[in-house]
Amino acid sequence: MQISAPSPAVAVIGGGPAGLMAAEVLVQAGARVDLYDAMPSVGRKFLVAGKGGLNLTHSEPFEQFVDHYGERRLWIEPWLRDFGPDQLRAWAGELGIESFVGTSNRVFPVGMKTAPLLRAWLARLRSTGVIFHQRHTWLGWNPDDSLHFDTPAGEISVRAEAVVLALGGGSWPKTGSTGAWLPLLIDRGVAIAPLRPSNCGFDVAWSEHFRTRFAGHPLKSVCLSFKDLKGDQFNQPGEFVVTGTGVEGSLIYACSALLRDAIEVCGSAVIHLDLAPGWTHERLVERLSRPRGSKSIASHLERSVGFKGVKAGLLWEFVPRADFADPEKLAASIKDLPIPLIAPRPLEEAISSAGGVRFAALDERLMLRNLPGVFCAGEMLDWEAPTGGYLLTACLASGRRAGLGALEWLKQMEEKT
């Protein structure tokens, strides 16, 4: 039996960064806000994402910052001009969380932890009037267009003057981002792009020997290059990790969208590694050409160019044995080692997801065109960005934009009555 719950002015569904920011914008403007989340507590993915150190945003120049959103820059740039990296740092400061610029211009909170920021934020939201409803799973709309929730006390119906949906994508489903909202919006005629893994690892057909010996080993001081479907060259130094199934880590995530798209079209993708970025081909040839005497090839590699462990293992994995006796060919492989990728890892393992509500289905306020009064924000929208603070910044900025849009909608409805 469904119980009808008291009617809030605005229902925010989803307690991640985008939903919390929408709620904050609304309540600070005087709206009554009820926030619903399916999990026992809000911000779970936010907490997990910051477990190794919360990367708030990035301090690079704005024009470079917005370039990281690719084809979606046209939509996302206006959000970021209103609430970009500088505004995010100021906002965190108002919560008592100071930040600093770390390596590679990434911005972190002092203390590096997510929990203090989230605690301060939730305390402020509660003190300003946001009412939180945990373990409330949204089931869509009833025939009378009221919101339908499953709760510990049974199913309830809720009427709201405006709704902000901030339900996340499909990665890390244990934190609540299950993508269960897709059929609910599709049934209402909302255009949806299929969810796909983003900032993800990739499968490689390692030999059993290599997998057993090197799974978990980091590959540091390498440069990765890849030619995308448009013919543009990705070329970036960094590091990543060998896994039991393939590769993952920051350098892989930086080009994961390009790799995923290439695999979807071509069936596979090949990355090229420079295993010795600080060495010229000529210097490698000179060192590898030195007499090795009775030393094994492995010992010669280590003594002549410092290669051992996983870097040497990669050469043995992909370079023909005969080439180890040819300094020219071996040096060429060290400077340009091809590694074929088979497939991206599953969506549930990815850091984030691509796909979701298509921007054509939304107006500039992030309101669904065919569902007036319903706004969408965060990772459930059809965009993606690499790690480095770009994801969190745009999620917060989209929540702010949706909250402002809902306020504008409420004002329009008030003027009509």
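Only the coordinates and a few stated rules stand behind these numbers; no lab work does. Everything quoted here is computed from the prediction, not taken from an experiment. We place every Cβ from the backbone using ideal geometry, glycine too, and count neighbours over all the protein chains shown.
Here are the numbers for this structure:
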| item | result |
| --- | --- |
| Furthest towards positive pole of dipole, Ala254, Ile156, Ser207, structure part segment 142-262, Cβ charges | Ser207 |
| Sites Ala29 and Arg124, calculated FRET efficiency, Cβ-Cβ separation with R0 25 Å, nearest 0.05 | 0.95 |
| Cβ-based exposure ranking for Phe307, Phe324, Phe234, Phe375, in which fewest neighbours within 10 Å come first | Phe234, Phe324, Phe307, Phe375 |
| Inter-label distance, nm, simple model (7 Å from Cα along the C-beta direction), His217/Val270 | 2.3 |
| Given charges at Cβ of Lys, Arg, Asp, Glu: the chain dipole, positive-most of Leu273, Leu366, Gly96 | Leu273 |
| Student exercise, segment 202-344 dipole from Lys, Arg, Asp, Glu Cβ charges, in Debye to nearest 20 | 660 |
| Kirkwood Rh, angstrom, the chain [1 / mean 1/r, Cα pairs] | 23.4 |
| Shape box of segment 202-344 [Cα atoms, principal axes, largest first, Å] | 48, 32, 24 |
| Residues of segment 249-289 with amide N under 20 Å of the 7 Å Cα→Cβ point at Glu328 | 280-289 |
| Total charge dipole magnitude, segment 16-117, about the Cα centre, Cβ charges on Lys, Arg, Asp, Glu only, Debye to nearest 20 | 380 |
| Exposure proxy ranking, count of Cβ atoms within 10 Å, fewest first, for Tyr69, Tyr36 | Tyr69, Tyr36 |
| Among Val33, Ile342, Ala180 - extreme Cα towards positive end, dipole of the chain, charges at beta-carbon | Ile342 |
| Helix-only CD estimate at 222 nm, as mean residue ellipticity for the chain, using -39500 (n - 2.57) per DSSP H run (n ≥ 4) | -10500 deg cm²/dmol |
| Net dipole in debye of the chain [+1 Lys, Arg Cβ; -1 Asp, Glu Cβ; about Cα centre; nearest 20] | 1260 |
| Sequence ranges 133-140, 192-199, 12-19, 316-323, ranked by mean other-Cβ count within 10 angstrom, highest first | 12-19, 192-199, 133-140, 316-323 |
| Taking all pairs of distinct alpha-carbon atoms in segment 109-175, Kirkwood radius in angstrom | 14.8 |
| Ranked list, fewest to most other Cβ atoms within 10 Å of each Cβ, for Leu224, Leu381 | Leu224, Leu381 |
